[in-house]
Amino acid sequence: MRTGYDIVIVGAGLAGACAAALLVRHAGVEPQRIALLAGELPAASAPDAPPELRVVAISRASERVLRAAEAWPRLDQARLCAYERMRVWHLSAAPASDAGLCFDAADIGEPNLGFIAENGALLRACIDSFRAAGGRLIMGHLVSARIDADGARLQCSDGRDLCSHLLVGADGARSLVRQCAGLPVRTHDYRQLAIVATVRSERAHENTAWQRFLPSGPLAFLPLFDGSCSIVWSVDEALAPELAACDGAQFGARLQAAAGGVLGAITLASERASFALRSIAAQSYVAPRCALIGDAAHVIHPLAGQGANLGLLDAAALCEAVAGATAQREDPGALRVLRGYEQQRRTHNLVMDAAMSAFQSGFGTDFGPAAWLLDRGLSLVNRSATLKRVFARQALGTAGELPRLARARLT
Ligand SMILES: Cc1cc2nc3c(=O)[nH]c(=O)nc-3n(C[C@H](O)[C@H](O)[C@H](O)COP(=O)(O)OP(=O)(O)OC[C@H]3O[C@@H](n4cnc5c(N)ncnc54)[C@H](O)[C@@H]3O)c2cc1C
């Protein structure tokens, strides 16, 4: 027997869970007609548990979206770390010198540039919000989907069949929904791995996100609520096995050297995880009765911590397109409606992807004149109040055209 819904969202990552929580509240669709198909859910952690290994830098625009989803107030605010400034420098520059770029939320009259938040906590907050509003959470994996102009028919791993007027593919980089909808992608392999870990540093992180560009890839220290930092160290495939072979103490020493000693001695405080880095861009985000959001539509290099933020903005834009259609008594699964969503998001996401690729290849050089030029460029930007404001606005996520749910005054 098939269970019918108006909207089924496949994938309860950040994009899917947030889209579900937004749609039940803002789309003008009865909440029990919206289902979220979740493969797995993150376990709840104790309030005094150490920071989760996976964290994300959430922009202020994304904070607005998570507030609209009524997820933000469900987060334990004591486990969020507001970051107030960013410091970016290149291999050849000394971190303490005036080389490189430092921009501060205070320069644009804001209390912070965003928050470092735990992935699992964000997911649980969105899912709790979705369920509290009456949405249907279904545990299981999608195994196949038939999508045509009449609707989507889905088969789940537990043998359950679902059908819906609109299918939202939020099932990540290897999206089965994308494949079933026949939406092709362009991919680029960075031939890098991102190593993620929690570390303790001799010097305080000063609520600053630190980023150093090295020839082997960028290294970021993101400040955490308990004084530790989350590192994202993107390294060329060739260097990865050497780092994996290091024990904790050796790895800490390699990190300290790679950071130019800016945070003093570094001690590993967690296990290490690594992720292969690719860029993926779906050539179209939509088909009749189907829309892709988040990593299902686009995967970018994590060097500026923007992937999840783009997915949250996708969720907001899709919710607005559906709400607009239901308000006009239009069919929200109609291609015309979904194209509106795609138009708002695809160019924005492509520009971000291109910028990340350019940063990655531009800064991944130690060639003398090129490195000198890059350092000069960063220092020049650093001396221009106007250009620094442009960078700060990018970090806030308030640059460019935003979905309405992500707008509004920040302070
Ligand atoms: C090292 C690293 C650091 C990063 N740091 C940041 C950062 O600081 N800020 C930022 O904004 N972004 C960051 N990102 C990017 C960010 O993590 C991703 O863009 C984001 O998590 C993608 O969310 P998503 O919901 O689109 O996809 P996913 O998180 O991949 O979620 C997809 C979900 O779909 C489920 N699923 C898959 N297939 C099925 C199926 N067949 N049936 C049912 N469910 C299915 C999966 O189980 C999963 O729950 C980082 C990425 C990396 C690799």
Does segment 157-179 include one or more residues that are assigned to a helix (DSSP H, G or I) and at pLDDT below 95?
-> no
The residue from 262, 199, 235 that alone is more than 16 Å from the ligand (Cβ to nearest atom) and either part of a loop (DSSP other than H, G, I, E, B) or among the aliphatic types (A, V, I, L, M) (or both) is 262
Does residue 4 count as within 27 Å of residue 196 (Cβ to Cβ) and either in contact (Cβ under 8 Å) with a residue 40 or more places away in the chain or within 9 Å of the ligand (Cβ to nearest atom) (or both)?
-> no
In segment 392-411, how many residues are modelled with pLDDT of 75 or more, closer than 13 Å to residue 114 by Cβ and part of a helix (DSSP H, G or I)?
-> 2
Only residues in segment 228-256 that are in contact (Cβ under 8 Å) with a residue 40 or more places away in the chain count as the first member; pair them with residues that are part of a loop (DSSP other than H, G, I, E, B), Cβ under 6 angstrom, at least 6 apart or cross-chain, and list the lot.
-> 228/269; 230/224; 235/216; 236/216
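To keep it simple, each residue is scored yes or no on (1) within 22 Å of residue 115 (Cβ to Cβ); (2) hydroxyl-bearing (Ser, Thr, Tyr); (3) modelled with pLDDT of 95 or more; (4) within 18 Å of the chain's Cα centre (by Cα).
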residue: 8; (1), (2), (3), (4): no, no, yes, no
residue: 15; (1), (2), (3), (4): yes, no, yes, yes
residue: 32; (1), (2), (3), (4): no, no, yes, no
residue: 38; (1), (2), (3), (4): no, no, yes, no
residue: 46; (1), (2), (3), (4): yes, no, no, no
residue: 50; (1), (2), (3), (4): yes, no, yes, no
residue: 57; (1), (2), (3), (4): yes, no, yes, yes
residue: 60; (1), (2), (3), (4): yes, no, no, yes
residue: 70; (1), (2), (3), (4): yes, no, yes, no
Do we find a residue being under 14 Å from residue 301 (Cβ atoms), in contact with a strand residue (DSSP E or B) (Cβ under 6 Å, 6 or more places away or on another chain) and at pLDDT 95 or above anywhere in segment 199-219?
-> yes
Can you name the residue in segment 85-99 that is at pLDDT 90 or above and of a type in the set (D, E, K, R) and is also surrounded by the fewest Cβ atoms within 10 Å (Cβ to Cβ) among such residues?
-> 87
Within segment 49-63, track down each residue that is among the polar types (S, T, N, Q) and in contact with a strand residue (DSSP E or B) (Cβ under 7 Å, 6 or more places away or on another chain).
-> 59
How many residues, within segment 336-355, are surrounded by 15 or more Cβ atoms within 10 Å (Cβ to Cβ), at pLDDT 95 or above and either farther than 15 Å from residue 311 by Cβ or hydrophobic (A, V, I, L, M, F, W, C) (or both)?
-> 4
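Per-residue answers, yes or no, for (1) within 23 Å of the chain's Cα centre (by Cα); (2) surrounded by fewer than 22 Cβ atoms within 10 Å (Cβ to Cβ):
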site: 137; (1), (2): yes, yes
site: 146; (1), (2): no, yes
site: 152; (1), (2): no, no
site: 160; (1), (2): no, yes
site: 173; (1), (2): yes, yes
site: 177; (1), (2): yes, no
site: 188; (1), (2): yes, yes
site: 194; (1), (2): yes, no
Pair list, Cβ under 7 Å, 6 or more apart: segment 100-116 residue crowded, with 16+ Cβ neighbours inside 10 Å, other residue at pLDDT below 85 and assigned to a loop (DSSP other than H, G, I, E, B) = 100/93; 110/410; 110/411
Contact list, first residue from segment 138-150 and aromatic (Phe, Trp, Tyr), second anywhere and more than 9 Å from the ligand (Cβ to nearest atom), beta-carbon distance below 6 Å, six or more apart or interchain, is none
Pairs under 7 Å by beta carbon, first residue over 18 Å from residue 305 (Cβ atoms) and of a type outside the set (Gly, Ala, Ser) in segment 377-398, partner in a helix (DSSP H, G or I) and modelled with pLDDT of 75 or more, six or more apart or different chains?
-> 388/107; 389/107; 389/108
Failed item, numbered, when residue 45 is tested on (1) touching an Asp or Glu at 6+ places or on another chain (Cβ under 9 Å); (2) within 12 Å of the ligand (Cβ to nearest atom) | (2)
Of residues in segment 265-278 being hydrophobic (A, V, I, L, M, F, W, C) and outside any strand (DSSP E or B), the one farthest from residue 214 (Cα to Cα) = 269
Identify all residues within segment 28-42 that are within 16 Å of the ligand (Cβ to nearest atom) and in a loop (DSSP other than H, G, I, E, B); write none if there are none.
-> 39, 40, 41, 42
Of residues in segment 123-135 being within 16 Å of residue 65 (Cα to Cα) and more than 9 Å from the ligand (Cβ to nearest atom), the one surrounded by the fewest Cβ atoms within 10 Å (Cβ to Cβ) = 128
Selection within segment 294-332 - assigned to a loop (DSSP other than H, G, I, E, B) and within 16 Å of the ligand (Cβ to nearest atom) = 297, 300, 301, 305, 306
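The values are calculated or read from the model by the stated rules, or taken from the named source; none is laboratory data. A quick note: this is a predicted structure, and the numbers were derived from the prediction, not measured. When we count neighbours, we look across all protein chains shown, and the Cβ atoms used for this are built from the backbone with ideal geometry, even at glycine.
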